[in-house]
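Everything on this sheet refers to the single structure shown next.
The values are calculated or read from the model by the stated rules, or taken from the named source; none is laboratory data. Only a predicted model underlies this, so the values are computations on that prediction, with no experimental measurement involved. Because the Cβ atoms are built from the backbone with ideal geometry, glycine has one as well, and the counts that use them run over all protein chains shown. Accessible surface is based on the protein model in full, side chains and every heavy atom, while ligands, DNA and RNA are left aside. Shrake-Rupley method; radii C 1.70, N 1.55, O 1.52, S 1.80 Å.
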Amino acid sequence: MTAPQGAGRDEPTPAAIRAATARGLQEQFPGVRVWFGEATGSWWAMVPLRDGPRLLEAPTPQRLRDEIMNSRTRG
């Protein structure tokens, strides 16, 4: 019996996927710190603004991206 094609490949863990997503957002928004809150299940960002840093929370990376863009426009 042969193994199915692709069997034995190391699939990325959910933590690795979240880390890569956070890195991608940080690359898109230099100076912004992004992370996934294990305890909250939310995505977070610390965004430096003229009036000081702002902490943002969102349920998905896409919504966090929108929040970062909105905060920079307003702030």
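Computed quantities for the displayed model
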quantity: Exposure ranking of Thr13, Thr73 by accessible area [1.4 Å probe, largest first]; calculated: Thr73, Thr13
quantity: Expected 222 nm ellipticity per residue - DSSP helices of 4 or more, -39500 (n - 2.57), all of the chain, to 500; calculated: -12500 deg cm²/dmol
quantity: Share of alpha-carbon pairs per 10 Å distance bin for the chain, given as whole %; calculated: 18, 43, 19, 11, 7, 2, 0
quantity: Helix 61-74 axis, angle to the chain major axis (alpha carbon atoms, nearest 10°); calculated: 20 degrees
quantity: Fraction of accessible area attributable to carbon and sulfur, the chain (%, probe 1.4 Å); calculated: 52 percent
quantity: Residues of the chain: accessible area per residue with a 1.4 Å probe, Å²; calculated: 73 Å²
quantity: Crossing angle, helix 14-28 versus the chain [Cα axis fit, 0-90 degrees, rounded to tens]; calculated: 40 degrees
quantity: Packing-based order for 51-58, 31-38, using average beta carbon neighbours within 10 Å, highest first; calculated: 31-38, 51-58
